[in-house]
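Input: a single structure, listed below in structure tokens.
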Amino acid sequence: MDQTLMTRVLVPTLLDDSTRPLLGAQVRSLDGQTMGTTWQVRWTVQASVASVERVHAAVQAELDLVVDQMSTWLPGSDLDRFNHAPADTDHTVPPAMGEVLQAACWLSHESGGAFNPAAGALVNLWGFGPGPRYTDPGFTAPSDDAVQRALARNDWRALRWDGANRRLHQPGGLLLDLSAIAKGYAVDRVSRRLSAMGLVHTLVEVGGELRGQGLRPDGQPWWIELESPPVAHGQRPLPTTRVALHGLSVATSGDYRRAFTHGGVRWPHTIDPRQGRPLANGLASVSVLHAECLWADAWSTALTVLGREEGMALAEAHGIAALFVQREPDGQLSETLTPAMQALDA
Ligand code: ADP
Ligand code: MG
């Protein structure tokens, strides 16, 4: 890209020419709250298909299904019941949770445990789960002992995930946390459900993770701008990146969104499960583009934990389109794009 250009434009290499825009049609939109965040759906109205009420009910049903199975916050969710199950017990999980676990365990393996669905004890300890929150008055960083105890409970291999039978093992005190992947999965479910209803031109968002398909009524794809860290005084701004979400999803993990400051140190809400501590690798954000939002979401968390060097290498090995924003020692922000991301640069 021309460094003097302040806008980068990314478009998918595969254009779906089976979908024709509904030129001049109206765009409808619905929004609400779920998973401790907000959701929004936009779609191009087709006279023949689906009233607003039917769309709303369908979206709500998909979001509720994900929450009912995978919420760490909802007492009685399948995940919550697993987390409270007695030691040395085996459990069958419902199909949707199984899909997410399959992906989560695969990525844990590939990332050497940087992504870890069994990091719930650590997440809670650092105040990012249910229980004492980092925002509570008087909350302080946990002791080394407490970190060691939580580390002893976060081995995802102890889950003995059996994908064929959707069986999961509770070794005792292991706390599942699927929050780094469930929002993306929910986006995919909503997107697929709307397609099945005949709505092919849609933009779906849950908590900043997005999936777009088809085209807007003006013939344009659904354009979005990548989230980027706020630019501090004296920092040179980075280019704006615009993406055509045409059969494409995007997720961004960032250290600037939810974090607490302790002793002058900023602790982001993503944990390095190998160290038992919030990240401190200087990455400001990682954005990932992928056909499926589940993968965009999970990869953005995994690559954030791995950091720029290791993260770039793993993303490249898997052909993942990712953009890393690093806080350099001189205080400036710098960007690095994987080859798959560069290939989308129009
Ligand atoms: P971001 O929006 O920054 O990508 P996500 O919402 O995708 O973050 O995921 C962050 C959440 O995932 C945390 O609040 C925590 O519940 C969980 N989590 C934290 N660290 C990890 C990790 N290393 N692997 C998997 N899940 C994690
Ligand atoms: Mg994530």
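The values are calculated or read from the model by the stated rules, or taken from the named source; none is laboratory data. Just so it is clear, the structure is predicted and the values come from calculations on it, not from any experiment. Backbone-built Cβ (ideal geometry, glycine too); neighbour counts: all protein chains shown. Keep in mind that these areas ignore ligands, DNA and RNA; they rest on the heavy atoms of the full protein, side chains included. Shrake-Rupley method; radii C 1.70, N 1.55, O 1.52, S 1.80 Å.
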Of all residues making up the range 285-303, the number that are within 11 Å of ligand 1 (Cβ to nearest atom), over 15 Å from residue 339 (Cβ atoms) and either at pLDDT below 95 or more than 11 Å from the chain's Cα centre (by Cα) (or both): 1
Looking only at the range 208-231, which residues are in contact with a helix residue (DSSP H, G or I) (Cβ under 9 Å, 6 or more places away or on another chain) and surrounded by fewer than 21 Cβ atoms within 10 Å (Cβ to Cβ)? 208
Condition (residue is assigned to a loop (DSSP other than H, G, I, E, B), more than 16 Å from ligand 2 (Cβ to nearest atom), at pLDDT 95 or above and within 17 Å of residue 72 (Cβ to Cβ)) applied to the range 140-161: is it met by at least one residue? no
Any residue in the range 296-307 that's more than 12 Å from residue 108 (Cβ to Cβ) and within 6 Å of ligand 2 (Cβ to nearest atom): show its pairings with residues that are among the basic types (Lys, Arg) and at pLDDT 95 or above at Cβ separation under 8 Å, as long as the two are six or more apart or on different chains. 297/183
Residue list for the range 241-256, filter: surrounded by fewer than 17 Cβ atoms within 10 Å (Cβ to Cβ), out of contact with any Asp or Glu (no Cβ under 6 Å at 6 or more places or on another chain) and in a strand (DSSP E or B): none
Subset of the range 191-207 that is in a loop (DSSP other than H, G, I, E, B) and open to solvent by less than 20 Å² (accessible area, probe 1.4 Å) - its residue that is nearest to ligand 2 (Cβ to nearest atom): 207
Going by the structure shown, is residue 121 in contact (Cβ under 8 Å) with a residue 12 or more places away in the chain and either within 12 Å of ligand 1 (Cβ to nearest atom) or over 14 Å from residue 178 (Cα atoms) (or both)? yes
Could you look through the range 153-190, keep only residues that are charged (D, E, K, R) and either within 16 Å of ligand 1 (Cβ to nearest atom) or closer than 27 Å to residue 208 by Cα (or both), and pick out the one that is most open to solvent (accessible area, probe 1.4 Å)? 157
Being of a type in the set (A, V, I, L, M, F, W, C), in contact with a helix residue (DSSP H, G or I) (Cβ under 8 Å, 6 or more places away or on another chain) and surrounded by fewer than 16 Cβ atoms within 10 Å (Cβ to Cβ) is the filter here; which residues of the range 18-60 pass it? 30
Of all residues in the range 8-17 being of a type in the set (A, V, I, L, M, F, W, C) and part of a loop (DSSP other than H, G, I, E, B), which is surrounded by the most Cβ atoms within 10 Å (Cβ to Cβ)? 11
For the range 106-140, give me the residue count where each residue is buried (at least 18 other Cβ atoms within 10 Å of the Cβ) and over 14 Å from residue 273 (Cα atoms). 3
